[in-house]
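S.K.: Pasting a structure here, questions to come.
Nothing in this text is a laboratory measurement; each read-out follows from the coordinates by a stated rule. Note that the coordinates shown come from a computational prediction; the quantities given were computed from them, not determined experimentally. Cβ placement follows ideal geometry from the backbone for every residue including glycine, while neighbour counts extend to all protein chains displayed.
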């Protein structure tokens, strides 16, 4: 089975959808199955996080952040063998408007499907899209070379190292900092097509 799922996927097979309360059961199962894999590069989670109720609470917070303009939570779906299944998450967090016009990008894909190009297709699909941002930033724990490759394929440039930047897996982690700048960005309403 693993040999079959190692095949690269095409961009047309990857779909992004807004995170919704109905995703809670599938996300709880996916998070539970990937618990050890995600523990390395994700914030420490309580046991409740891996339950349907925990995911419903997290989704409610993510929807609130989206409605307030602070974030954009998406799910990554893979179309394969005539069906569609949830395989990960992609989120824009910490959206800042005004003088900055930027957000942080975060993503993860089911461990069973890593290395197939799914995260790359997902990130490219929304690089700037309808958010009208000037800059995207991504923070990657030192040693997470797979995530670095995704960002590099999407055109992100490394611009620094932040010591003890994020608390991941219960410990403070050093992170490599990446950015993607929209050189065509224009202020809203100036009549150009920079967004």
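S.K.: Any chance you could give the angle, 0 to 90 degrees and rounded to 10, that helix 24-33 forms with the longest Cα principal axis of the chain?
M.R.: Between helix and principal axis, roughly 70 degrees.
S.K.: To continue, here is another question. When the helices in the chain are scored as -39500 (n - 2.57) per DSSP H run of 4 or longer and the sum is shared across all residues, what 222 nm value do you end up with, to the nearest 500 deg cm²/dmol? Intermediate results must be reported in sequence, preceding the final value.
M.R.: On the way: 6 runs with 53 residues, N = 195.
So the helix-based figure for the chain works out to -7500 deg cm²/dmol.
S.K.: Suppose the chain between residue 100 and residue 63 were pulled fully straight at 0.36 nm per residue; how much longer would it get relative to their current alpha carbon spacing?
M.R.: Separation in residues times 0.36 nm, less the Cα-Cα distance, equals 11.0 nm.
S.K.: Same structure again: How long, wide and thick is region 80-145, going by the Cα atoms along their three principal axes, in whole angstroms, largest first?
M.R.: Result, largest extent first: 45, 31, 14 Å.
S.K.: Just to confirm the number: angle between the C-alpha axis of helix 52-67 and the first principal axis of the chain, 0 to 90 degrees, nearest 10?
M.R.: Computed tilt is about 10 degrees.
S.K.: Ok, one more. Would you mind computing the Rg to Rh ratio of the chain from its alpha-carbon coordinates, Kirkwood style for Rh?
M.R.: On the way: Rg = 16.8 Å, Rh = 17.6 Å.
Reported Rg/Rh, Kirkwood definition of Rh: 0.95.
S.K.: Follow-up question, since we're still on this one. Compare the peptides 26-32, 158-164 by average per-residue count of other Cβ atoms within 10 angstrom and give them in order, highest first.
M.R.: 26-32, 158-164
S.K.: Could you state the number of Å between the C-alpha centres of region 44-84 and region 125-180?
M.R.: So the two Cα centres are separated by 20 Å.
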